[in-house]
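Participant: Below you'll find the structure I mean.
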Amino acid sequence: MADPVAEAAQKHPAPEGLVYTYGTAGFRTKAEVLDSVMTRCGLIAALRSRALKGKWIGVMITASHNPPEDNGVKLVEPLGNMLQEEWEVLSTEMANKATPEDVSQFYHEIAKKYNIDLSVPARVAVARDTRASGARLLGCVLDGLHGAGVEHKDYGFLTTPQLHYMVRCLNTEGTKDAYGTPTEEGYYEKFATAFKTALQGKKPKGSLTVDCANGVGGPKLTELIKRLPSKEEALEIFVVNDDVIKPEALNVDCGADYVKTNQRAPPSSKVGPNDRCCSLDGDADRVVFYFKDANNMFHLLDGDRIATLVASFLGDLVRQSGLADSIKIGVVQTAYANGAATNYVVDHLKLKVDCTATGVKYLHHAAEKLDIGVYFEANGHGTAIFSHDTLDTIAKHEPKSTAQKEALEVLRACINLINQAVGDALSDFMLVEVVLAHKNWGPQEWLSTYNDLPNRLLKVLVKDRTIFQTTDAERKLVKPNGIQAKIDEEVQKVRQGRSFARASGTEDAVRVYAEAATKAEADDLARKVAKIVE
Ligand code: 16G
Ligand code: ZN
């Protein structure tokens with residue numbers, strides 16, 4: 001008897017001797033060894049959809065900020081969240097099954113274990129970034145989907161957050177939680193309208209130059225700009241590094257990862273002093289801002305800065321709308337957040353800060369527990385999310401003065417402007433521009449809210465990174481024994497010292513972070529901790 005699942009797996013046999021892992025952001029490696037993984041992810045997406053009674057699941061083909069020869073795949077849950085952890089484990093196991101028969105057997109085992117009725121419809125939405133390997137890998141995903149008898153929508157090229165948006169829209173269409181129209185046009189309309197409304201006639205100072213990492217964000221931003229108010233009315237945007245015709249240029253000497261890691265503007269940058277710039281990464285789910293001052297000094301405004309700016313603005317709006325008693329705002333960070341940013345939120349903004357492990361899904365889960373959860377990683381991944389009750393409170397609130405009414409209007413527009421499914425570089429940069437316009441700030445005023453503590457990040461190559469086990473949101477090592485005590489001893493020797501070491505979730509290395517009152521002390525502390533770890 002024909003077995004369509006085994007047949008699909010047969011088309012794309014697994015290379016021998018390779019072990020795949022569904023990591024922090026899905027499977028990610030050299031594109032040439034991903035065919036079998038893609039087909040199997042198609043099968044897992046089918047099962048996940050059927051386990052949720054035919055809800056739409058997303059499959060995004062991207063390797064984000066990785067070099068052009070890499071690719072990857074991640075699955076999206078019905079409301080646009082990252083895949084549930086239990087299913088990450090199943091995905092890993094499926095990706096490592098050796099033969100088509102093993103694949104089919106495991107497919108049926110999962111169905112049995114989770115009481116999945118294989119005759120109910122399954123629905124999957126697929127999209128990809130602009131990598132050259134994307135078309136071939138899409139074919140492999142589609143083979144998996146056909147093998148599992150899935151109804152699918154292929155959105156072609158999208159940014160990662162656009163696919164998350166589509167999935168959320170598809171699953172909420174026609175309900176009271178309807179998120180929007182599940183088309184590209186629907187996405188642009190929703191966010192462009194919210195941008196215009198949130199600005200409330202205010203005009204951002206100067207212009208914004210957006211570096212698109214030569215990725216999918218470039219053409220999508222160009223589409224978005226067509227729907228934004230004109231530059232005379234609102235913001236002048238210059239789109240740079242938007243060449244997707246040359247896939248080998250992706251993320252090369254540009255993009256958010258380049259800027260954050262090298263602490264400098266892309267070499268091609270031609271902007272003048274105090275001109276605002278921001279850089280997206282290859283799939284546009286991450287953004288950092290920066291500028292050069294009058295002395296040509298580079299200043300980075302990273303995810304910590306976006307979080308503090310947004311939290312302070314939303315806090316003001318909630319207060320000015322007369323809702324301070326019923327809505328509490330919190331900020332979620334990781335251990336990489338600069339200590340000065342954390343202090344600013346606690347001491348100056350008087351807001352609660354939670355710290356979680358690295359990776360968007362951990363921050364998102366922590367933020368879901370708050371009325372308004374503003375979460376950002378220092379590297380620029382993040383968004384702000386509003387709980388169900390909070391949305392309800394804001395929708396029903398009756399303003400008692402003109403000032404309350406105006407603040408409430410902006411708050412409501414911000415809810416529409418902030419992508420609730422996942423961190424979205426396009427939505428995030430528009431939000432930053434709205435805040436700066438309302439505060440009448442340029443980048444210098446934004447920068448002057450607090451001074452970053454000098455810090456240093458080092459990558460340490462070790463024999464086996466899996467022996468490094470952490471607790472307390474990765475801020476303390478529990479294994480190998482005795483190492484943490486040695487780190488603590490070094491930290492105590494420097495002023496305002498803080499340091500931690502953790503195994504990377506994306507590279508075969510241990511990362512060491514250190515900060516201190518001076519650059520020399522931070523560098524020295526990082527080197528000493530790296531020596532302890534080696
Ligand atoms: C992934 C994560 C990112 C995290 C990074 C840490 C997502 C979508 N991406 O890129 O949030 O900051 O990994 O990398 O969750 P590391 O474990 O190598 O330090
Ligand atoms: Zn990304």
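FYI, it's all coordinate maths here, none of it is from the lab. All figures in this text were calculated on a predicted structure; none of them were measured in a lab. Because the Cβ atoms are built from the backbone with ideal geometry, glycine has one as well, and the counts that use them run over all protein chains shown.
Participant: Suppose each label sits 7 Å from its Cα in the direction of the beta carbon; what would the residue 348-residue 197 distance come out to in nanometres?
Facilitator: Label at residue 348, label at residue 197, 3.1 nm between them.
Participant: Let me spell out the model: positive unit charges on the Cβ of Lys and Arg, negative unit charges on the Cβ of Asp and Glu, origin at the Cα centre of the range 4-157. What dipole size does that give, in debye rounded to 20?
Facilitator: In total the dipole reaches around 400 debye.
Participant: Taking K and R as +1 and D and E as -1, what net charge do the other residues with C-beta under 12 Å from the C-beta of residue 104 add up to? Intermediate values should be presented prior to the final figure.
Facilitator: On the way: positive: 40, 97; negative: 3, 7, 101, 102, 109.
Net charge in that neighbourhood comes out at -3.
Participant: Sticking with this one: Just how far, in whole angstrom, is the range 484-518 from the range 426-465 if you go by their alpha carbon centroids?
Facilitator: Using only Cα atoms to place each centre, the spacing works out to 20 Å.
Participant: Report the FRET efficiency, 1/(1 + (r/R0)^6), for residue 85 and residue 392, where r is their Cβ-Cβ distance and R0 is 22 Å, rounded to 0.05.
Facilitator: 0.15
Participant: Could you put 88, 398, 474, 32 in order, starting from the residue whose Cβ has the fewest other Cβ atoms within 10 Å?
Facilitator: Details: 88 21, 398 8, 474 24, 32 12.
Ordered by Cβ neighbours within 10 Å, fewest first: 398, 32, 88, 474.
Participant: Among DSSP beta bridges lying fully in the range 303-447, give the percent that are antiparallel, nearest 5. Show your work: numbers first, answer last.
Facilitator: Working: 5 of 14 bridges.
Expressed as a percentage, antiparallel bridges in the range 303-447 total about 35.
Participant: Here's something else I'd like to know. Would you please state the base-10 log of I(q)/I(0) at q = 0.14, 0.30, 0.31 1/Å for the range 403-459, with intensities from the Debye formula using one equal scatterer on every alpha carbon?
Facilitator: Scattering profile of the range 403-459, log10 relative to I(0): -0.58, -1.12, -1.14.
Participant: Relative to the present Cα-Cα distance, how much length would full extension add between residue 151 and residue 178 at 0.36 nm per residue of separation? Kindly include the intermediate steps, with their values, before the conclusion.
Facilitator: Working: separation 27, 0.36 × 27 = 9.72 nm, distance 2.13 nm.
Length difference between fully extended and current span is 7.6 nm.
Participant: What whole-number distance in Å separates the alpha-carbon centres of the range 46-75 and the range 238-294?
Facilitator: 26
Participant: How many percent of DSSP beta bridges within the range 186-300 run antiparallel, rounded to 5? Write down the numbers at each step before the final one.
Facilitator: Values: 7 of 16 bridges.
Taking every DSSP beta bridge within the range 186-300, about 45 percent pair in antiparallel fashion.
Participant: With the dipole of the range 303-447 worked out from charges on the C-beta (+1 for Lys and Arg, -1 for Asp and Glu) around the Cα centre, which of 435, 372, 303 lies farthest toward the positive end?
Facilitator: The residue sitting most towards the positive pole is 372.
Participant: How much of the DSSP bridge set in the chain is antiparallel, in percent, rounded to the nearest 5?
Facilitator: Values: 39 of 68 bridges.
Of those bridges, close to 55 percent are antiparallel.
Participant: Here's a follow-up. Can you figure out the FRET efficiency of residue 238 with residue 101, using R₀ = 56 Å and their beta-carbon distance, to the nearest 0.05? Working shown, then result.
Facilitator: Working: r = 55 Å, r/R0 = 0.99.
The calculated FRET efficiency here is 0.50.
Participant: Right, another one. Looking at the square roots a ≥ b ≥ c of the eigenvalues of the Cα gyration tensor of the range 205-244, which shape do they give, rounded for a/c under 1.5, prolate if a/b is larger than b/c, or oblate? All intermediate terms of the calculation are to be shown ahead of the outcome.
Facilitator: On the way: a/c = 3.85, a/b = 1.68, b/c = 2.29.
It comes out oblate by the Cα gyration axes.
Participant: OK, next. Can you put 175, 21 in order, fewest other beta carbons within 10 Å first?
Facilitator: Listed from fewest to most nearby Cβ atoms, that is 175, 21.
Participant: Continuing with this model, one more query. Evaluate the relative contact order of the range 186-300 (contact order divided by residue number), counting alpha-carbon pairs under 8 angstrom at least 6 apart; express in whole percent. The partial results should precede the final answer.
Facilitator: On the way: 218 pairs, mean separation 32.5, N = 115.
After rounding, I find 28 percent.
Participant: May I ask you to list the trypsin sites (Lys or Arg not before Pro) in the range 367-435 that are in a DSSP loop and have at most 11 other Cβ atoms within 10 Å of their Cβ? Walk me through the numbers before you get to the answer.
Facilitator: Numbers: sites: 369, 396, 400, 405, 412; in loops: 369, 400.
For trypsin sites (Lys or Arg not before Pro) across the range 367-435 that sit outside H, G, I, E and B with at most 11 neighbouring Cβ atoms in 10 Å, the list reads 369, 400.
Participant: Multiply the residue gap between residue 252 and residue 469 by 0.36 nm, knock off their C-alpha separation, and tell me the result in nm, one decimal place. Don't skip to the answer; put the middle values down first.
Facilitator: Details: separation 217, 0.36 × 217 = 78.12 nm, distance 3.31 nm.
Full extension of this stretch gives 74.8 nm more.
Participant: With +1 assigned to the C-beta of every Lys and Arg and -1 to the C-beta of every Asp and Glu, and no other charges, what is the dipole magnitude of the chain about the Cα centre in debye, to the nearest 20? Can you show the working numbers first?
Facilitator: Working: 64 positive and 72 negative charges, 182 e Å.
So the magnitude is around 880 debye.
Participant: Of 60, 107, 18, whose Cα points farthest to the positive end of the dipole of the range 4-157 (charges on the beta-carbon: +1 Lys, Arg; -1 Asp, Glu; origin at the Cα centre)?
Facilitator: 60
Participant: Give, rounded to the nearest 20 debye, the magnitude of the charge dipole that the range 382-520 has about its Cα centre when Lys and Arg contribute +1 at Cβ and Asp and Glu contribute -1 at Cβ.
Facilitator: Details: 19 positive and 19 negative charges, 133 e Å.
Dipole magnitude for the range 382-520 comes out near 640 debye.
Participant: Of all the C-alpha pairs in the chain, what % are more than 47 Å from each other? Spell out each step's value before the answer.
Facilitator: Numbers: 14688 of 142311 pairs.
For the chain, the share of Cα pairs beyond 47 Å comes to 10 percent.
Participant: Across all directions of projection, what mean area in square nanometres is found for the Cα convex hull of the range 77-127? Intermediate values should be presented prior to the final figure.
Facilitator: On the way: hull surface 18.2 nm².
Approximately 4.5 nm², given one-decimal rounding.
Participant: Excluding residue 26 itself, calculate the net charge of residues whose Cβ lies under 9 Å from the Cβ of residue 26, where each Lys or Arg counts +1 and each Asp or Glu counts -1.
Facilitator: Counting the neighbours of residue 26, the net charge comes to +1.
Participant: Here is a follow-up. Considering the dipole of the chain built from charges on the beta carbon (Lys and Arg +1, Asp and Glu -1) around the Cα centre, which of 41, 359, 525 is farthest to its positive end?
Facilitator: 525
Participant: Can you tell me how much longer the chain between residue 324 and residue 207 gets when fully stretched, taken as 0.36 nm per residue apart minus their C-alpha distance, in nm with one decimal?
Facilitator: Working: separation 117, 0.36 × 117 = 42.12 nm, distance 3.35 nm.
Roughly 38.8 nm would be gained on extension.
Participant: Hey, what did the range 455-533 get for relative contact order, percent, Cα under 8 Å, at least 6 apart? All intermediate terms of the calculation are to be shown ahead of the outcome.
Facilitator: Numbers: 153 pairs, mean separation 29.3, N = 79.
Result for the range 455-533 is 37 percent.
Participant: Follow-up question, since we're still on this one. So what's the net charge close to residue 320: Lys and Arg +1, Asp and Glu -1, counting the other residues with Cβ under 12 Å from its Cβ? Don't jump to the answer; show the numbers that get you there.
Facilitator: Working: positive: 319, 400, 405; negative: 316, 406, 409.
Net charge in that neighbourhood comes out at 0.
Participant: Here's a follow-up. Tell me the relative contact order for the chain as a rounded percent, counting alpha carbon contacts under 8 Å between residues six or more apart. Don't jump to the answer; show the numbers that get you there.
Facilitator: Values: 1162 pairs, mean separation 64.5, N = 534.
Computed over the chain, the figure is 12 percent.
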